[in-house]
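What follows draws every value from the coordinates through simple rules; no lab data is involved. Everything quoted here is computed from the prediction, not taken from an experiment. Note: ideal-geometry Cβ built from the backbone for every residue, glycine included; neighbour counts use all protein chains shown.
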Amino acid sequence: MAREVLKLWSGPDALLKALRPYVGSHELEIQVAEPGSLEERITLLTGLIDSIRQQWQEQREQVIEQTDGRVSRYTGNNYAKWLGVIDLWAASNQRTLSVPKELFKFSASTLVQKLKKGQPSPTLEIFDVIERLESLPRTLADVLFAEALVEVRERFKRGKERLHQRTFDDLLTGLDQGLVAEGGEALARQILNLYPVALIDEFQDTDPLQYRIFSRIYSAQEPLGLFMIGDPKQAIYAFRGADIFTYIQARREVTDHFTLGTNYRSTRSMVETVNLLFDEAEQRSERGAFIFNRDISFSAVNAADKSAPLRLDDELYPSLNFSYYDDGEEINLETYRDVMAKACAREIGSLLQAGLEGRARINQQALKPKDIAILVRSKHEAALVRQELRKLNIPSVYLSERDSVFETRLASELLLLLQAVLSCENETRIRSALATRLLGVSADELERFRTDEALWDHEMQRFAHYRWQWERFGILVMLRRLIFERELAARLLGLEGGERDLTDLLHLGELLQQAQITQEGAHALLRWFETQLQRPNQEHKDQQLRLESERELLKVVTIHKSKGLEYPLVFAPFVCAVRSKAPKETLYHREQQILLELNASDEAKELAEQERLAEELRLLYVALTRAACACWIGVAPSRDLKIKKPVVTILCFTEAVSGICYSMVRYEISRGWSGLCMSWPISIPRSR
């Protein structure tokens, strides 16, 4: 059993990482195939496998007699290879749930299906046993996951009770239970007396538990009011537990709907462009622009026209710009990202140069880096585009929502430094610390330390002094002294990405100083620091990366972080680079039920893929609507994206950003509408 479990998860930490997103999801129902317990599953599977092995060895000749030549294609070299593979497996003593795929060529239904006309049906019991084994999930993943989730939730609950702690989820769960328990109606009336009117903002990000609470409190009684305010097209927080299907349920149950029909953020041209894209998609797709067309539809909005457009050389810069790459072949996602990062940086460089020359202006003000935001999905995408910006000497700052300072390279290097300080008699650890980018000792200097004994003794004394300062005055004092003595600030700021490193170093120093209050001694503090690096908490606000500069730089922002914000110019170079691999767990909805399958059926996979696609389209909508003046999008023909070369067309995302249906809306260039533009291909000079 241990061997099978280790095939699924490398250890407790890996299992916990898989469980963590679902620990607080009490509405979740895990779909487990029968048999539904760990012991029953492994007993049944091992029993069937042992039986097949034994019967194969005993009845091998009879198997050949009933299949060789009697079943189509069960003859010749391939047939002999199948038998050889199964012979080796049956003779082995390895205890495993893995079986050769060739075995299932001898299942009863397969043999009957391929049986030659006029031949008698195979009658051996082993064929039925193989059929039974094929029908079962040959894994412990679903049952172990389900049992582990129950166990982790129970231990988490007991731990909180022991420490007399309650989380925000506990407060919600307690209120939900209280409203249905004895005295629940009185509790609801008391809340109503305190708050006869409730306004819930960002309601598209709610979950079933929260909606159930408000529904019970604000029932049909008068006088009271419940106002649920939200835009389902901007529901992009499923990874945090937000449930768009709760919004859909609420919308169906509420009779009065009101819509805000005016955009006060964007220029008229930008608003009309987005209207055109999604109106066209709404009309062309049976499922609507956002898949769930019955409940999430697109309605064109008006423009307040309070924003000034971007002008380039006294002409209006197009509201929507597609940069299309085509070298004659479909490309993979890695190439797509690389090409679009370069194209994005080049276009930004061109615009900023025009701003310096006074040719690019917004409301008579020269275009500046602070006017531009690049929207990405991940740290990896941010790193790609920032690397290209640095090549053009364009400084930028990366704003992410969930990255922990304990996940940075600087944190790992600081750990090496602190280990060297506390083990100042250990020459190997000191050399490791000196060789980091943080301390920046070159290979030549390290060689000098090896050959110059006096110089090395002096260096070891410095580390001993750092240890004395740490134990006497605290870790932050020691770190600041080290930064001053070794002139780390000046050296780091002279390196690429050094501003980020210096910010992280000071941030980590503050966190260590805070933790020092609760830790007994320097060694305990070091152990605490090691634990944080192993298990960073991205939800803890104190750990989240800080802005490395207060300067008004170009911003690289995750799409999730950008929600609710606005930028004059938005660049979305990687909107087509959606997740290409399906997750191990299949999470989907059926009516109002949230289901999780580890051994997913084809139907479950299809429903989960539909929900994933719908969220990708909402991400695209959020990205486009952050722009006040103009938006730039990068697309390319890809094996994954299924995008084909356009002729004189404008690309319109109907049902997919990637990997699903993709359509193109023809737009006659002769009509001269300036709202849209195609720059195609990016390998030649732009033409608008």
Problem - region 21-83 and region 478-524: distance between their alpha carbon centers, rounded to Å - result: 57 Å
Completion exercise
From the cross-link list Lys379/Lys561; Lys306/Lys561; Lys17/Lys157; Lys233/Lys379; Lys563/Lys605; Lys114/Lys605, the entries with a Cα-Cα span beyond 20 Å are Lys306/Lys561; Lys233/Lys379; Lys563/Lys605; Lys114/Lys605
Completion exercise
Once the dipole of the chain is set up from charges on Cβ (+1 Lys and Arg, -1 Asp and Glu), the residue from the list Ser396, Gln57, Leu482 lying farthest towards its positive end is Ser396
Exercise for the section: Mind checking which of Leu505, Phe473, Gln461 is farthest towards the positive end of region 405-543's charge dipole, using Cβ charges of +1 (Lys, Arg) and -1 (Asp, Glu) about the Cα centre? Expected result: Phe473
Completion exercise
In Å, the Kirkwood hydrodynamic radius from C-alpha pairs for region 116-170 sits at 15.9 Å
Completion exercise
Treating only Lys and Arg (+1) and Asp and Glu (-1) as charged, each at its beta carbon, one finds that region 168-258 has a dipole about its Cα centre, in Debye to the nearest 20, of 180 debye
Problem - Cβ-derived FRET efficiency at R0 35 Å, Ser98 paired with Glu27, nearest 0.05 - result: 0.50
Fill in the blank from the handout: Quick calc: nm separation of the 7 Å Cα→Cβ label points for Ile517 and Asp170 -> 2.2 nm
Handout entry: region 168-197-region 298-330 distance, computed between alpha-carbon centres (Å)
Key = 49 Å
Handout entry: Pairwise FRET efficiency - Thr428 versus Gln54, Cβ, R0 = 56 Å, nearest 0.05
Key = 0.50
Fill in the blank from the handout: Hydrodynamic calc, the chain: Kirkwood Rh from Cα pairs, then Stokes-Einstein at 20 °C with viscosity 1.002 mPa s, so D in µm² s⁻¹ is 70 µm²/s
Practice task
Only Lys, Arg, Asp and Glu count, each charged at its Cβ (+1, +1, -1, -1), so figure out the dipole size of the chain about its Cα centre, rounded to 20 debye.
Solution key: 1100 debye
Practice task
With a Förster radius of 35 Å, plug the Cβ-Cβ distance of Leu194 and Leu19 into 1/(1 + (r/R0)^6) and report the FRET value to the nearest 0.05.
Solution key: 0.40
Handout entry: Inter-label distance for Leu316 and Glu496, nm, one decimal - labels placed 7 Å from Cα along Cα-to-Cβ
Key = 4.0 nm
Handout entry: Charge-dipole axis of region 38-135 as Lys and Arg at +1 and Asp and Glu at -1 on Cβ define it, positive-most pick from Ala80, Leu124, Ala108
Key = Ala80
Completion exercise
Simple SL model, points at 7 angstrom along Cα→Cβ for Leu8 and Asp279; separation in nm is 5.2 nm
Completion exercise
Kirkwood calc, region 405-543, C-alpha pairs only, radius in angstrom 15.5 Å
Practice task
Run the dipole for region 405-543 about the Cα centre, Lys and Arg Cβ at +1, Asp and Glu Cβ at -1, nothing else charged, and hand back the magnitude in debye, nearest 20.
Solution key: 240 debye
Problem - Fraction in percent of alpha-carbon pairs per bin - 5 Å, region 551-635 - result: 3, 12, 20, 18, 13, 12, 10, 8, 3, 1, 0
Exercise for the section: Send over the semi-axes of region 83-154's equivalent ellipsoid, whole angstrom and largest first, taken as the square roots of 5 times the C-alpha gyration tensor eigenvalues. Expected result: 34, 17, 8
Fill in the blank from the handout: Residue separation between Thr46 and His257 times 0.36 nm, minus their alpha-carbon distance, gives in nm 70.2 nm
